[in-house]
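Heads up, the thing below is written out as C-alpha cells.
The values are calculated or read from the model by the stated rules, or taken from the named source; none is laboratory data. Not measured: the values here are computed from a predicted model. Heads up, the Cβs are rebuilt from the backbone with ideal geometry, glycines too, and the neighbour counts pull from every protein chain shown.
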Amino acid sequence: MYQNSKVVHFFAMLVACTIFAMSKPAVAGFGVVEEPQGAGVYGNAQNKTFKSAVEGVESLDDSDRAFLASVEESRSFKRWYTRVMFGQPRVSLKNIENKTNGINPSNPLADGTPVVYSSGVPISEPEKKDDSFTVLLAWGYHWEKWAWELELMLAETLKYQSKPVTPGTPIQVQADISKIALFNNFEYTFDHWFDFQPRDLHFFTLAGVGVALKTADITALTLAGQARQTHSSSLASLCWQLGLGARYQIAPHFLLDFSYRYADLDSVKFGPVDAVKPYDGLAFKAKTLRSVGGFLGITYKL
C-alpha cells in the first residue's frame, strides 16, 4: 500500500510541476528542479529546494496546497518524535571484587591478633553473563541530519550466584540485580551512500550519556540453601552508550527502527549481608556492568 502511495505522490508532483510551469506567470521561470542526491528524507519525493520555490505563491489552488501539506506530513526534519524498542542484549557483570571487612577470631595470626577473614580473597564467581530482556523508550526532536532525545532503559533482573562465596567457606550468596538508566542522546543521520539505496532507508549513529541506578538484593545462605539474611543496596552513577542503526519508513508517520547498542552502566555494589558466624558483613563490588546487543522497534513522528 505504501509503494502505491509513493507512485501516486510521484505522479501528483509531476502534474503539479507541469501546471505551475505552463499556467502561472509567477512560477513560469521555475522549470524543473533536479533533486540532489540524498536530499529526500524517508521516502519524500520532494526536496527543500522545490518546497521553497513553491511556497509563498499566492495563486496556488486548494488541491495544490493539499498536495504540499501531504508532502510536509511525510518530512522527517524539524519534527518531534517518540520511539519504543525491544531487545535481549547480552548483559555482563564483570570484575566482581570481595569487599568484605569481617573479623575471624578462630583464625588469628601467630601473635594472636584476629585477622580479616575474607577481604581481598577472590570469590568463586568473579563474573556473570546472561541475556536480559530490555525496553527502550525515547522522546526527542529531529532537525536536518541531527536529533536529540531522552531515552529510558528498563531491563530485566539479572540473577547472580557464587557457591561457595569464596573457596573453602560454607556460605553461598545469591543476588538479583535490577537496573534502570536515563540517557541524553545525540544522533546523526548519514546521507545516502549508494545509488541503489532506497530513499526511505537511512542509517544513523548515536552517542549518549546519562545516569544509571542499579539495585542489588543479595541473600547469604548456607551451602544447603538455608537463607540467613537478605540486604538491598543501590548505587547511582554516570553511564554512557554508543549505537549504530537503520530506519525504514513504512507509513507517513511510522518508521521501522533497528539499532545495535553498547551501553556501559558502570559498577554495582552488593551487601553488606550477614551469614553464619563468623562470616558476617559479606560485601562485594562489580566494577563493570555492560549491555551489548540489538533492538527492534517503531518510531512515530508527531
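Only one of ALA263, ALA220 is assigned by TED's automatic domain parsing to the domain that holds GLU149, in contact with a strand residue (DSSP E or B) (Cβ under 9 Å, 6 or more places away or on another chain), buried (at least 17 other Cβ atoms within 10 Å of the Cβ) and farther than 19 Å from LEU182 by Cα; which? Of ALA263, ALA220, the one residue that is assigned by TED's automatic domain parsing to the domain that holds GLU149, in contact with a strand residue (DSSP E or B) (Cβ under 9 Å, 6 or more places away or on another chain), buried (at least 17 other Cβ atoms within 10 Å of the Cβ) and farther than 19 Å from LEU182 by Cα is ALA220.
Among the conditions (1) touching a Lys or Arg at 6+ places or on another chain (Cβ under 8 Å); (2) among the charged types (D, E, K, R); (3) modelled with pLDDT under 95, ASP264 misses just one, which is (3).
Being of a type in the set (Gly, Ala, Ser) and free of Cβ contacts under 8 Å to residues at least 40 places away in the same chain, is that true of even one residue in the stretch 172-194? Checking the stretch 172-194: at least one residue is of a type in the set (Gly, Ala, Ser) and free of Cβ contacts under 8 Å to residues at least 40 places away in the same chain.
Listed by first and then second residue, the pairs linking a residue in the stretch 111-130 that is on the phi > 0 side of the Ramachandran plot to a residue that is modelled with pLDDT under 80 and in a loop (DSSP other than H, G, I, E, B), with Cβ atoms under 9 Å apart and 6 or more places separating them unless they lie on different chains, are GLY120/THR100. Under the condition of being charged (D, E, K, R) and closer than 28 Å to LEU238 by Cβ, the residues counted in the stretch 172-214 number 4. Among residues that are under 22 Å from LYS128 (Cα atoms) and assigned to a strand (DSSP E or B), SER259 is not included. From the list GLN226, GLN241, the lone residue that is at pLDDT 95 or above and among the polar types (S, T, N, Q) is GLN241. Report yes if ARG247 is more than 30 Å from GLU127 (Cβ to Cβ) and at pLDDT below 85, otherwise no. Judged against the criteria, ARG247 is not a match.
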